[in-house]
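Asks: One structure follows; several queries about it will come next.
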């Protein structure tokens, strides 16, 4: 049967899965999803613009059960990471997700080029 492997899914990864990107197929079985409401906010907005409110709401509701809370210490660590990577122009939400992944000991799943060469990243385009 196998054990679940957890990943932090950033907005990029969630969107690619919804769009049917075959390179993300291996993350659809025996995978535990971790994300935040901020990632779902980004996803909802993008889907709202691309496909309308029904699709946006459908996927927001589908993934809401996989969100984790964000504590103050994580925000502070995330901002320190973002400041250390200032030249890469990473978003607050992405830095927060990357930080949560590191704290929880899981890989950060993304196709965002700014994370391509970082430790603890599963980069899939």
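The values are calculated or read from the model by the stated rules, or taken from the named source; none is laboratory data. As the structure is a prediction and not an experimental result, all values here were calculated from the model. Every residue, glycine as well, gets a Cβ built from its backbone with ideal geometry; the counts of neighbours run over all protein chains shown.
Asks: With the condition kept exactly as written, say whether any residue in the range 54-73 is in contact (Cβ under 8 Å) with a residue 24 or more places away in the chain and over 18 Å from residue 15 (Cβ atoms).
Replies: Within the range 54-73, one or more residues are in contact (Cβ under 8 Å) with a residue 24 or more places away in the chain and over 18 Å from residue 15 (Cβ atoms).
Quick grid of which residues meet (1) touching a residue at least 40 places away in the same chain (Cβ under 8 Å); (2) more than 14 Å from the chain's Cα centre (by Cα); (3) surrounded by 14 or more Cβ atoms within 10 Å (Cβ to Cβ); (4) within 25 Å of residue 3 (Cα to Cα):
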residue	(1), (2), (3), (4)
81	no, yes, yes, no
93	yes, no, yes, no
97	yes, no, yes, yes
125	yes, no, no, no
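Asks: Of the numbered conditions (1) exposed (fewer than 13 other Cβ atoms within 10 Å of the Cβ); (2) farther than 20 Å from residue 125 by Cα; (3) in contact (Cβ under 8 Å) with a residue 60 or more places away in the chain, residue 36 satisfies every one except a single condition; which is it?
Replies: Evaluating residue 36 over (1) exposed (fewer than 13 other Cβ atoms within 10 Å of the Cβ); (2) farther than 20 Å from residue 125 by Cα; (3) in contact (Cβ under 8 Å) with a residue 60 or more places away in the chain leaves (1) as the failure.
Asks: Here is a further query. Any residue at all in the range 60-76 that's in contact with a strand residue (DSSP E or B) (Cβ under 6 Å, 6 or more places away or on another chain) and closer than 17 Å to residue 121 by Cβ?
Replies: Scanning the range 60-76, I find no residue that is in contact with a strand residue (DSSP E or B) (Cβ under 6 Å, 6 or more places away or on another chain) and closer than 17 Å to residue 121 by Cβ, so the answer is no.
Asks: Among the candidates 89, 30, which residue alone is modelled with pLDDT under 95 and more than 25 Å from residue 5 (Cα to Cα)?
Replies: 89 is the lone residue from the list that is modelled with pLDDT under 95 and more than 25 Å from residue 5 (Cα to Cα).
Asks: Still on this model: Answer yes or no as to whether residue 24 is closer than 16 Å to residue 112 by Cα, touching a strand residue (DSSP E or B) at 6+ places or on another chain (Cβ under 6 Å), modelled with pLDDT of 95 or more and in a helix (DSSP H, G or I).
Replies: No, not satisfied.
Asks: Looking at the range 33-43, which of the residues that are outside any strand (DSSP E or B) and in contact with a helix residue (DSSP H, G or I) (Cβ under 7 Å, 6 or more places away or on another chain) is nearest to residue 5 (Cα to Cα)?
Replies: Filtering first and then ranking leaves 36.
Asks: Here's another thing I want to ask about it. Against the definition (at pLDDT 95 or above and within 19 Å of residue 123 (Cβ to Cβ)), how does residue 41 come out, yes or no?
Replies: no
Asks: Could you list all residues from the range 92-106 that are farther than 20 Å from residue 42 by Cα and touching a helix residue (DSSP H, G or I) at 6+ places or on another chain (Cβ under 7 Å)?
Replies: 103, the sole residue that qualifies.
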